[in-house]
Amino acid sequence: MVPKNRVVSRLAAALLRVLGFFTVSAICGVLAASLVVPGVAAASVAFNRSIVFFKNLPSELTVDSPSQSTTVLSADGKTIATFYEENRMRVSLDQMSPYVKEAIVAIEDARFYDHAGVDPQGILRALSFNLTTTGGRVLGAYNTQQKKAGLGATEDLQNNDAGYYRPMSADYGLYNSINTATFAEAAQLDFCGIQKIVDAVGLHSGLDNARVNMHQLGNLLGAIGVAPLHLANAFATFANDGRYCSPVAILEVTDAAGRKLPAQTNDCRDAVKPEVARGVNSVLQDVLKRGSGVYIAPKVHTRFPVAAKTGTSNNNGATWVAGYTTSIATASFFGDALEGQKRPGQNISINGKFYKAIDGYMLAGPQWANYMMQVAGLYPASTFPPPPESMT
C-alpha cells in the first residue's frame with residue numbers, strides 16, 4: 001500500500017507539469033503572435049494606403065494630345081512655312097510601321113501579350129513601388145512652346161544738294177524726292193494736320209509701336225523706323241481712296257481636328273479725304289515716269305497704273321521703294337537691317353558691282369518692280385481717279 005503522503009506528492013507533481021505546459025504554451029503563443037503581428041500590421045497599413053491612393057485617382061483620365069507642326073498657307077493654298085516644337089504629325093494606327101508599334105508595346109509593357117488587359121503582376125509591382133518610394137508617382141507629360149518673331153526696319157530720306165534750294169512746284173519736289181521742298185511745304189501747313197494724317201494711315205515706330213511725332217522736323221523725312229508692312233499699308237490707304245484698313249495676315253486658323261479657330265478681322269475706317277488721296281496718287285504716278293524712280297526697271301507703269309515713292313537714308317544704309325496700284329500695295333527695302341542701321345551704303349560692292357552710294361532706285365527699286373510685275377496682275381487694277389481741278 002502506497003503511503004498517503006507519496007500519493008499527494010505525485011498529484012502535486014502532475015499538476016505542476018500541467019501548469020508548466022500551459023505556461024510554456026502561452027509563452028509560445030505570445031512569441032508566435034509577435035512574429036505574425038508585423039505582417040498583419042504591414043498588410044493593414046498597405047491596405048489603408050491603397051484605399052487612399054485609389055481614392056485620390058481622377059474619376060476620368062484625361063490625356064492632352066501631343067503638339068503637332070503648324071503649317072502657314074498662302075491664300076491660294078501654297079505652303080509658306082512650317083514651324084513646330086517637335087516636327088510631329090498625327091497618323092492612324094494602320095499607317096504606323098509594325099516595328100514602331102511593337103517597340104512601344106515592349107517599352108510600356110513587356111508582358112502585354114501574356115495577360116488579358118489587366119496584369120496583376122504589374123499592378124503589384126507598381127503598388128509596391130508607390131508604397132515604398134517617396135517623391136511622387138511615375139507620370140508622363142507634354143509641354144509645348146511657341147515663339148513669335150517681329151519685323152522692323154528704318155526709313156530716313158536722304159537730303160539733297162544745295163542746288164535744290166530754288167523755286168519749284170510742290171509736285172516736282174515730291175516726285176523727285178527733294179527734301180528742301182518738303183520742308184518748305186511743311187512750313188506753310190498746320191503741323192497738327194500733318195500729325196493727324198500720319199496717325200490716320202497707321203504709321204508708327206516699328207521698334208516699340210510709339211507714335212511718330214511730326215513736330216520733330218527730322219520726322220518729316222522719315223527718321224523713325226517703320227515696319228515694311230505698315231509702310232505699304234499707309235500707301236494702300238491712298239490707293240483705297242483714303243480709306244484705311246488694318247493689315248490682316250491670317251485669314252483663318254484650323255486645328256488638327258479641322259475645327260475653325262478665331263482669326264484676324266478687318267478694321268476699316270475713313271482716314272484721309274478722298275480728294276487728298278487722289279492728289280497724292282496723281283503726283284506719285286510721276287515718280288516712275290519722270291521722277292526719282294525713272295531708272296527703275298522693269299517699267300511697271302507700262303503694264304499697270306501704278307504710283308510709287310523712293311527713299312534713301314543720309315548714309316545710304318537704308319533704301320526703299322514703296323508702290324501701289326488700286327488693288328495692291330508693296331514695299332521693298334535694301335540696306336543694313338542690323339546694328340541700328342549704322343553701316344553706310346557707300347563705297348561698297350554688291351554682287352561684284354561697285355557702288356559709290358546706294359540710292360533707292362538702284363536695288364530696292366528693281367526688287368519692287370520685278371515683284372510687282374509678277375503679282376500685280378493677280379489683283380486687277382483700274383486707273384486712279386483724277387484729283388480735283390484745284391490740285392492740277
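No lab work stands behind these numbers, since they all come straight from the coordinates. Everything numeric here is computed off the predicted structure, so don't read it as measured data. Note: ideal-geometry Cβ built from the backbone for every residue, glycine included; neighbour counts use all protein chains shown.
General remarks:
- For the range 261-306, the alpha carbon convex hull comes to 137 Å³ per residue, rounded to a whole number.
- 5 Å binning of all Cα-Cα separations within the range 162-391, expressed as whole percents from 0 upward: 1, 6, 12, 17, 20, 17, 13, 7, 3, 2, 1, 0, 0, 0
- Spin-label model distance (nm) - VAL72 vs THR265, 7 Å beyond Cα toward Cβ: 2.4
- Built from the Cα atoms of the range 203-323, the convex hull projects on average onto 10.8 nm², one quarter of its surface area.
- Prolate/oblate/rounded call for the range 205-254, Cα gyration tensor, a/c under 1.5 rounded: oblate
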